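A.B. asks: Sharing a structure here in structure tokens format.
The values are calculated or read from the model by the stated rules, or taken from the named source; none is laboratory data. All values reported here derive from a predicted model rather than from experimental measurement. Glycine also receives a Cβ, built like all others from the backbone with ideal geometry; neighbour counts cover every protein chain displayed.
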Amino acid sequence: MPDYNARELMAIAAARKINDGEIVFCGTGISMLAAMAAKHICAPNSIIIFETGAIDSQLEEIPMAVGDSRVMYGASSNSGLADSFALMQNQTTGRHVVGILGAAQIDKYGNLNSTVVGDYGRPKVRFSGSGGAADVASFVDRTIIFMQHERRKFVAQVDYLTSPGWLDGPGGRERAGLAGNGPTAVISNLAVMGFDAGTREMFLEACFPGTTPQEVLANMEFSVDVSRASSGSCARSWIPSGSSWAAEAGADAPDFHSICASST
Amino acid sequence: MPDYNARELMAIAAARKINDGEIVFCGTGISMLAAMAAKHICAPNSIIIFETGAIDSQLEEIPMAVGDSRVMYGASSNSGLADSFALMQNQTTGRHVVGILGAAQIDKYGNLNSTVVGDYGRPKVRFSGSGGAADVASFVDRTIIFMQHERRKFVAQVDYLTSPGWLDGPGGRERAGLAGNGPTAVISNLAVMGFDAGTREMFLEACFPGTTPQEVLANMEFSVDVSRASSGSCARSWIPSGSSWAAEAGADAPDFHSICASST
Amino acid sequence: MDLTAAVARFVPDGAHLSIGGFTCNRNPMAAVYEIIRRRKKNLHLYAHSNGQGVDELVGAGCVARVEIAYAGTGRFAPTCIRFRRAVETGAIQVEDYSNYQMTLRFLAGAMGVPFLPTRSGLGTDLIEKWGFSAELRRSDPRLPDDKLRVMDNPFGTWAETGRVVLVPAIRPDVTLLHVQKAGRDGTARIEGLTFADVEQAKAARHVILTCEELIDGDELRSQPHLNQLPGIIVDAVVPLPHGAYPTACYRYYDYDPAFLNDYRTAATDDRRYARYLEEWVYGTADHRAQRARIPHERLSAIQADPRTGYARGLRR
Amino acid sequence: MDLTAAVARFVPDGAHLSIGGFTCNRNPMAAVYEIIRRRKKNLHLYAHSNGQGVDELVGAGCVARVEIAYAGTGRFAPTCIRFRRAVETGAIQVEDYSNYQMTLRFLAGAMGVPFLPTRSGLGTDLIEKWGFSAELRRSDPRLPDDKLRVMDNPFGTWAETGRVVLVPAIRPDVTLLHVQKAGRDGTARIEGLTFADVEQAKAARHVILTCEELIDGDELRSQPHLNQLPGIIVDAVVPLPHGAYPTACYRYYDYDPAFLNDYRTAATDDRRYARYLEEWVYGTADHRAQRARIPHERLSAIQADPRTGYARGLRR
């Protein structure tokens, strides 16, 4: 049994996708862990921002929501929603932003649903709704998406398209009038997926240790190219091993582990 | 010789046109005097605001421009241009605002020019330009205008229409898409003029002491109805007499008199 | 004016209202509970991600329609529980926007313009799927005829933009905010993040302010650039310590995890929720009585640390 | 990076730039003088009512085109004198807007949208008369093809509005601001009115900040809600005490009436103005040398009173 759990793995995998100096838009839970881990392991000069208006927060404790007072501490500036989304829609600052999002459903082009399952007018399941996700996905340079790997979540067609990915494929965003880019990675509890630069379709990049491409495919409604996937053992190379990982990932934050275990 | 000068008279006359509880938009110079005088003589609960973002300033000294640090003292809030103009464009707050403006030229409908004399592309005289005047004149419930009474300033047609008055007369503002009202008074160094509720044309309301309707007309390029004008002696009734006026007008402010004598 | 009088005057049945705060922070909960206590009905609620306040107003049956970006209170309820139930059973009608779209809609109302443009949501169902029927929109003059409109950029490709979404202004009848400090004249000072509070207040026809501290004298006016709301736009100021409880109020107290966990448990069951409302809201005469029910040790536990503004090491 | 390096890097000839401040307050004068000293040419200047800085840049011949709402510095120059002369002689091209229109244009740039709507200016020559030719607009990709556009309200009569003016976004190459306090990372704190500084900075591709005080350590980050600019949008921070002189800097010093009166006298005569520039700008190596020329008693006279933020009883 490895000395890291699936949520920790996911956070580290996402952190590795963040480049130094980037501005990281964080949502709730695991995306904050990923951003904090990135600052410790690969992107010390990255900046964490929240839609609520906190820019470059110093997170002494892990916020349990982006409205938590913990995001306000030690920031470069605290303002409000209007300013934080403007910063992302702005063409100069926006192209340095990587957004980390999650959703209830995703399709092969990385379009996300966080609104309803079923008919919009009388849904079977109602979720929280967009929040800032549609905004971020519309504006920023690229997004990284966290998902639970289940067949009902990786769907052929999302029931409601809340946040734009690559829309209907190559040129889709341009046709819709969107300036930024779509998702560059999906990180699930089983694997890491990328998007093909030509077709804009999701493909399997690497499985987490103990997972096979067959298992990944079995948990998706649509099929993805698995030919480029490194096996679980390959993925190990970018996962810190042994006891060092926790320190590397900023796990000195007091409740990192408990949040890893419980947050969404 | 009366114990008040023309600028003091103008300030008091304008102050008398301000209703208690109104929000008074102030520009530079005499409009600040008028607003300060109003708080002392007839509108103690009026609120002074500046386009620079100061709301309900406590003026201990008279600012010599709306960007003067003196407008910042003791305000309810200090923000910036975006907020102050939004407050005036806002339909709830805007309808409580009376704007006090000045200009280089005015026509019979109260349209103002503060941009150029001559051709816009190669002007004979260039003035400061709109500043916030066009904004205020577009948004607020009504305006009061200060003018020097000269033939070249009361013109048949303004060389450049900077700030909208009643535009081309009845229904003009509605046709243009403007929500607020136009000017309700023009106060010059010779007289007070109003605007007819039907024709929206300027008429003579009252002459200052020592001035006749004929003198007023002789100093205008266009003609106005003088039949409703009270004579100079009538106007005396709303001018404080003797030494009391100075106290009433807030002339205890340290440099009221010097500003009255010199400001524009 | 006390809170009861302010709610009676500015929040009639059917009012269009918005509340301040964000998820688990600085929701105007005392005002929300007073609205529930007075059994207001048929409210039209404008929310971005206000969270706890939205769920309680919906859960108590005060709300007929919601225009909203996000209904969640962080880890305690990733989707607000009573809100979810109300939508799934058809008890309320919903129109979805994004957080920025809602913020821009309040900002448009504050600015007195009919709409503001954004690129947010192009290509999504936020544009394609409308929650309110055309009949509903036509029947209420307080609603625009369209959810939003997409337009080609009239300035060609200026600002690298080919197309924009125009979102219509919101003019709530009333906005309820809870702030840290206010003066008797309505001057308000928010510390920490302002969320969309300022835009919501300025967009509204009336503003009810509750505050932790009523500040007399010169303190607020000696630092006017720290005040977000000038007094002239505020209709009522009511000092109510812990007026945001159980949500947080930066520098004063944190959210109460114990309360929010209990709330989650209550909210998942209709009968338990009815009992919760009976005991915690209907059964308390006012904010003071309600506050007296909070165990002292809980208030101590959530008291903010002066350096960080939240309760350090709070068991969450 | 010092001021010389910052100007050399971010203000090439022909740059599109905007400066902060308002009339006689908090203009980034040290940066303006450095631009003049380096004899920059052909600048495209975006101004609302920035005042003194605009007049000096225009007077020194650095500016080819101005988009502006107001050129005046209060009682010292109800119309900026060198600006007026430059317009009347055709030395510069001008495009007129109102203060709010200019503010909205910066805000649109900051927000990353191509335009913002307003009712300001409907029915006026701000809409009818355009200063820049269509050829000029087409020849510079940094200019939109239209000065502005008038559009019917696409939401009918929503917000009691039948028609709106759309004003195009401004994206300056660089914005120069002078603020009271800044950190090494660019975090900036403005005290008192912010004018349109925040919008101007956020609209720009680059930001040069001069400040009265460079703050090390935690002071700025312990009160993040008092900071208007996050460090991430600022390219250069240069501490320059009296960097706004001869304009005011709230809480630090007032405008210098003696200087501004002398300036007025100089500005009304071409030869005197050339001598003024020679002595006060070209003849001083940098801000430090320039500041050393200000008589000590003048700096004392304008020093701000701690209570009011300006120099009480200043002989104006």
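A.B. asks: Looking at residue D:105 and the list (1) assigned to a strand (DSSP E or B); (2) surrounded by 24 or more Cβ atoms within 10 Å (Cβ to Cβ), which single condition is not satisfied?
C.D. replies: (1)
A.B. asks: Filter region A:100-109 down to the residues that are part of a loop (DSSP other than H, G, I, E, B) and touching a helix residue (DSSP H, G or I) at 6+ places or on another chain (Cβ under 9 Å), then identify the one that is nearest to residue A:182 (Cα to Cα).
C.D. replies: A:109
A.B. asks: From B:94, B:131, which residue is facing another protein chain (nearest Cβ under 8 Å), at pLDDT 95 or above, under 16 Å from residue B:161 (Cβ atoms) and out of contact with any Lys or Arg (no Cβ under 7 Å at 6 or more places or on another chain)?
C.D. replies: None of the others qualify; the one that does is B:131.
A.B. asks: Confirm whether residue D:179 is in contact (Cβ under 8 Å) with a residue 40 or more places away in the chain, assigned to a loop (DSSP other than H, G, I, E, B) and either farther than 25 Å from residue D:53 by Cα or within 14 Å of chain B (Cβ to nearest Cβ) (or both).
C.D. replies: No; evaluated as a whole, the condition is false for this residue.
A.B. asks: Then there's this: Determine whether residue A:51 is modelled with pLDDT of 95 or more and touching a Leu at 6+ places or on another chain (Cβ under 9 Å). Please lay out each step first, then the result.
C.D. replies: On the way: modelled with pLDDT of 95 or more: yes; touching a Leu at 6+ places or on another chain (Cβ under 9 Å): yes.
Spelling it out, residue A:51 is indeed modelled with pLDDT of 95 or more and touching a Leu at 6+ places or on another chain (Cβ under 9 Å).
A.B. asks: Another question about this same structure. Among D:7, D:58, D:66, which is the only one that is within 23 Å of residue D:262 (Cβ to Cβ), in contact with a helix residue (DSSP H, G or I) (Cβ under 8 Å, 6 or more places away or on another chain), not in a loop (DSSP other than H, G, I, E, B) and not charged (D, E, K, R)?
C.D. replies: Numbers: D:7 fails: within 23 Å of residue D:262 (Cβ to Cβ); D:66 fails: within 23 Å of residue D:262 (Cβ to Cβ).
Every option except D:58 fails the conditions.
A.B. asks: Further question: (1) over 21 Å from residue B:53 (Cβ atoms); (2) crowded, with 24+ Cβ neighbours inside 10 Å; (3) β-branched (Val, Ile, Thr); (4) out of contact with any Leu (no Cβ under 7 Å at 6 or more places or on another chain): which one isn't true of residue D:190, the others all being true?
C.D. replies: It fails just one condition, (1).
A.B. asks: If residue C:244 passes every condition in (1) out of contact with any Leu (no Cβ under 8 Å at 6 or more places or on another chain); (2) over 20 Å from residue C:195 (Cα atoms); (3) crowded, with 21+ Cβ neighbours inside 10 Å; (4) within 14 Å of another protein chain (Cβ to nearest Cβ) but one, which one does it miss?
C.D. replies: Only one criterion is unmet by residue C:244, namely (2).
A.B. asks: Turning to a different aspect of this structure: Among (1) without any contact (Cβ under 8 Å) to a residue 60 or more places away in the chain; (2) more than 16 Å from residue B:102 (Cβ to Cβ); (3) buried (at least 16 other Cβ atoms within 10 Å of the Cβ), which single condition is residue B:172 missing?
C.D. replies: Failing condition for residue B:172: (1).
A.B. asks: Pick out the one residue from D:174, D:113 that is under 26 Å from residue D:247 (Cα atoms) and either more than 7 Å from chain B (Cβ to nearest Cβ) or among the β-branched types (Val, Ile, Thr) (or both).
C.D. replies: On the way: D:113 fails: under 26 Å from residue D:247 (Cα atoms).
Residue meeting the stated conditions: D:174.
A.B. asks: On to the next question. Which residues, taken from region C:136-175, are outside any strand (DSSP E or B), farther than 17 Å from residue C:14 by Cβ and among the charged types (D, E, K, R)?
C.D. replies: Matches in region C:136-175: C:145, C:146, C:147, C:160.
A.B. asks: Quick one: count up the residues across region D:140-150 that are facing chain C (nearest Cβ under 7 Å) and within 29 Å of residue C:146 (Cα to Cα).
C.D. replies: Counting residues in region D:140-150 that are facing chain C (nearest Cβ under 7 Å) and within 29 Å of residue C:146 (Cα to Cα) gives 2.
A.B. asks: Anything in region D:125-141 that is touching a residue at least 24 places away in the same chain (Cβ under 8 Å) and among the basic types (Lys, Arg)? List them, or say none.
C.D. replies: Selection gives D:129 alone.
A.B. asks: So which residues in region C:238-283 are within 21 Å of residue C:61 (Cα to Cα) and small (Gly, Ala, Ser)?
C.D. replies: C:244, C:266, C:267, C:274, C:283, listed by residue number.
A.B. asks: Could I ask something else about it? Residue D:98 - would you say it is at negative phi, crowded, with 24+ Cβ neighbours inside 10 Å, polar (S, T, N, Q) and within 20 Å of the chain's Cα centre (by Cα)? Working first, answer last.
C.D. replies: On the way: at negative phi: yes; crowded, with 24+ Cβ neighbours inside 10 Å: yes; polar (S, T, N, Q): yes; within 20 Å of the chain's Cα centre (by Cα): yes.
Considered against the rule, which asks whether it is at negative phi, crowded, with 24+ Cβ neighbours inside 10 Å, polar (S, T, N, Q) and within 20 Å of the chain's Cα centre (by Cα), residue D:98 comes out as yes.
A.B. asks: Please go through region A:163-210 and pick out each residue that is within 14 Å of chain C (Cβ to nearest Cβ), under 22 Å from residue A:229 (Cα atoms) and among the acidic types (Asp, Glu).
C.D. replies: Matches in region A:163-210: none.
Residues are listed down the side, and each one gets a yes or a no for (1) farther than 17 Å from residue D:57 by Cα; (2) under 24 Å from the mean Cα position of the chain (by Cα); (3) outside any helix (DSSP H, G or I); (4) touching a residue at least 12 places away in the same chain (Cβ under 8 Å):
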{"site": "D:210", "(1), (2), (3), (4)": "yes, yes, yes, yes"}
{"site": "D:213", "(1), (2), (3), (4)": "yes, yes, yes, yes"}
{"site": "D:220", "(1), (2), (3), (4)": "yes, no, yes, yes"}
{"site": "D:242", "(1), (2), (3), (4)": "yes, yes, yes, yes"}
{"site": "D:299", "(1), (2), (3), (4)": "yes, yes, no, yes"}
{"site": "D:310", "(1), (2), (3), (4)": "yes, yes, yes, yes"}
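A.B. asks: Right, next: Looking at (1) crowded, with 24+ Cβ neighbours inside 10 Å; (2) in contact (Cβ under 8 Å) with a residue 40 or more places away in the chain, which is the one condition that is false for residue B:130?
C.D. replies: Result: residue B:130 passes all but (2).
A.B. asks: Exactly one of these conditions fails for residue A:124: (1) facing chain C (nearest Cβ under 10 Å); (2) in contact (Cβ under 8 Å) with a residue 12 or more places away in the chain; (3) not in a helix (DSSP H, G or I). Give me its number.
C.D. replies: Every condition holds for residue A:124 apart from (2).
A.B. asks: Pick out the one residue from C:122, C:104 that is touching a residue at least 24 places away in the same chain (Cβ under 8 Å), in contact with a Lys or Arg (Cβ under 9 Å, 6 or more places away or on another chain) and not acidic (Asp, Glu).
C.D. replies: Values: C:104 fails: in contact with a Lys or Arg (Cβ under 9 Å, 6 or more places away or on another chain).
Unique residue meeting the criteria: C:122.
A.B. asks: Restricting the search to region C:201-225, which residues are touching a helix residue (DSSP H, G or I) at 6+ places or on another chain (Cβ under 7 Å) and either within 14 Å of chain B (Cβ to nearest Cβ) or within 15 Å of residue C:304 (Cβ to Cβ) (or both)? Spell out how you get there, then give the answer.
C.D. replies: Initial filter on region C:201-225 (touching a helix residue (DSSP H, G or I) at 6+ places or on another chain (Cβ under 7 Å)): C:201-203, C:205-208, C:210.
C:201, C:202, C:203, C:205, C:206, C:207 - these are the residues of region C:201-225 that are touching a helix residue (DSSP H, G or I) at 6+ places or on another chain (Cβ under 7 Å) and either within 14 Å of chain B (Cβ to nearest Cβ) or within 15 Å of residue C:304 (Cβ to Cβ) (or both).
Residues checked against (1) closer than 23 Å to residue C:250 by Cβ; (2) touching a residue at least 60 places away in the same chain (Cβ under 8 Å); (3) in a loop (DSSP other than H, G, I, E, B):
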{"residue": "A:40", "(1), (2), (3)": "no, yes, no"}
{"residue": "A:44", "(1), (2), (3)": "no, no, yes"}
{"residue": "A:49", "(1), (2), (3)": "yes, no, no"}
{"residue": "A:57", "(1), (2), (3)": "yes, no, yes"}
{"residue": "A:64", "(1), (2), (3)": "yes, yes, yes"}
{"residue": "A:67", "(1), (2), (3)": "yes, no, yes"}
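Condition check ((1) farther than 24 Å from residue D:205 by Cβ; (2) out of contact with any strand residue (DSSP E or B) (no Cβ under 6 Å at 6 or more places or on another chain)) across all residues:
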site	(1), (2)
A:55	no, no
A:85	no, yes
A:127	yes, yes
A:144	yes, no
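A.B. asks: Across region D:116-135, what is the total count of residues that are of a type in the set (A, V, I, L, M, F, W, C), assigned to a helix (DSSP H, G or I) and within 8 Å of another protein chain (Cβ to nearest Cβ)?
C.D. replies: Of the residues in that region, 1 qualify.
A.B. asks: Among the residues of region A:38-91, write down those that are on the phi > 0 side of the Ramachandran plot and either surrounded by fewer than 24 Cβ atoms within 10 Å (Cβ to Cβ) or more than 10 Å from chain C (Cβ to nearest Cβ) (or both).
C.D. replies: A:56, A:74
A.B. asks: If you don't mind, another one. Does region A:102-119 contain at least one residue that is touching a strand residue (DSSP E or B) at 6+ places or on another chain (Cβ under 9 Å) and over 27 Å from residue A:169 (Cβ atoms)?
C.D. replies: No, region A:102-119 has no match at all.
A.B. asks: With (1) closer than 24 Å to residue A:161 by Cα; (2) surrounded by fewer than 24 Cβ atoms within 10 Å (Cβ to Cβ) as the list, and residue C:126 as the residue in question, which single condition is left unmet?
C.D. replies: Of (1) closer than 24 Å to residue A:161 by Cα; (2) surrounded by fewer than 24 Cβ atoms within 10 Å (Cβ to Cβ), only one is false for residue C:126: (2).
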